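Have a look at the structure below before the remarks.
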Amino acid sequence: YQLSDVTFLNNITTIGDRAFAACSALTAIDIPNVVSIGEYAFWNCTSLTSVEIPNTTTSIGRWSFAWCNLTSVTVNKNEPLVIDEYTFIDASNTTLYVPVGCVDVYSAADGWKDFKEIKEIGSAPSGIEHISEDDNIAIKTQSDNWYDLSGRKLQSIPVQKGIYILNGKKIAIK
C-alpha cells in the first residue's frame, strides 16, 4: 500500500474498520469532522508519526493506532474518550497534547494515561531560550551564521526587527 497522505472531506464522518490498516507509506492524515474511527483503522501504519483527533470524534475503536510510530497525538476534546489499552498500544514514546486544563483528567483515564507525557496544546517548545530586554547587548559574530525563519542564509547581520536563527538558536531583534 503506497498511499502516503489522506485528507477527508468535511462530510466524511466515519472511518471504517481496517480502512487504512498496514498502509506503511501513510505519513499524514487530516480527519477534520470524523465522528467514528473504526477498529484497526490505522493499525500498523508505520510511517504515521502524528495524528490530531478532532472535537467531533466520539469513538475510537480498538487497535486503531496500534503499532504506528506516533511521536505526537493531539486530542481536541476536554473529556477523554473511552478507549482501551490497545488503541494506542505503543504510546510509551508518544506525547499526548490535550486542551488547556485537561492534563489531569487525561492522566487518570484508561488508555490515555499510558502516553510518555501529556502536555497542554500550545505547550510545544518554541526553541526560543532567552529574550533580553537590554538594548545595550551587541551580538558580534560572523555574518555567515545568520538565517531567516525560512532557512535562507543572510548576507550580513540582520538590522531589521524580527526573529532570526543564529547558530541553531532563535534570536529576536528588537
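Full extension of the chain segment joining Ile12 with Lys174 gains 53.7 nm, where the gain is 0.36 nm per residue of separation less the Cα-Cα distance.
Enter the Cα centre distance for the pair segment 142-174 and segment 1-75, rounded to the nearest angstrom. Centre-to-centre (Cα) distance: 38 Å. In the elastic network of the chain, a GNM with C-alpha springs shorter than 10 Å, the most mobile of Ser156, Ser92, Ser59 is Ser156. Averaging the sequence gap over all C-alpha pairs within less than 8 Å and six or more residues apart, then dividing by the number of residues, gives segment 1-120 a relative contact order of 19 percent. In the chain, the ratio of gyration radius to Kirkwood radius, Rg to Rh, stands at 1.12 when only Cα atoms are counted. The string of couplings for segment 37-54 from the Karplus curve (6.51, -1.76, 1.60, θ = phi - 60°) is 10, x, 4, 6, 3, 10, 3, 6, 7, 5, 9, 7, 10, 8, 8, 10, 8, x Hz, one whole number per residue in order, with x for Gly and Pro. Here the gap between Lys113 and Asp90, fully extended at 0.36 nm per residue and compared with their Cα-Cα distance, gives a gain of 7.1 nm. Applying the Karplus relation 6.51 cos²θ - 1.76 cosθ + 1.60 with θ = phi - 60° to segment 2-17 yields 3J(HN,Hα) values of 9, 5, 9, 8, 9, 10, 8, 5, 4, 8, 7, 10, 10, 10, x, 3 Hz, where x marks Gly and Pro. Compute the Cα gyration tensor for segment 5-97, then decide on rounded, prolate or oblate, letting a ≥ b ≥ c be the square roots of its eigenvalues: rounded whenever a/c is under 1.5, prolate when a/b is larger than b/c in the other cases, and oblate in all that remain. Here segment 5-97 falls in the rounded category. Within segment 46-66, name every residue whose backbone N is under 19 Å away from a label modeled 7 Å from Cα of Asp30 along the Cβ vector. The answer is 48-57.
At a probe radius of 1.4 Å, what is the per-residue accessible area of Lys116, in Å² to the nearest 10? About 120 Å², ignoring ligands and nucleic acids.
Placing dummy labels 7 Å off each Cα toward the beta-carbon, the span from Thr56 to Asn167 is 4.9 nm.
Distance distribution note for segment 1-57: the fraction of Cα pairs above 19 angstrom is 19%. Amide H contacts of Lys119 (H built 1.01 Å from N, in plane; Pro and chain starts excluded): Leu96, Tyr97, Val98 sit under 5 Å, all sequence-distant by 5 or more or on other chains.
Normalised by the number of residues in segment 1-50, the mean separation of alpha-carbon contacts (under 8 Å, six or more apart) gives a relative contact order of 44 percent.
Rounded to the nearest whole Hz, the Karplus-based 3J(HN,Hα) values (6.51 cos²θ - 1.76 cosθ + 1.60, θ = phi - 60°) of segment 62-74 follow the sequence 4, 6, 3, 10, 6, 6, 8, 9, 5, 9, 8, 10, 10, with x at glycine and proline.
The values are calculated or read from the model by the stated rules, or taken from the named source; none is laboratory data. Keep in mind that what you see is a predicted model, and the values were worked out from it rather than measured. All Cβ positions, even for glycine, are placed from backbone atoms using ideal geometry, and neighbour counts span all protein chains on display. With ligands, DNA and RNA removed, areas are computed over all heavy atoms of the protein, side chains included. Shrake-Rupley method; radii C 1.70, N 1.55, O 1.52, S 1.80 Å.
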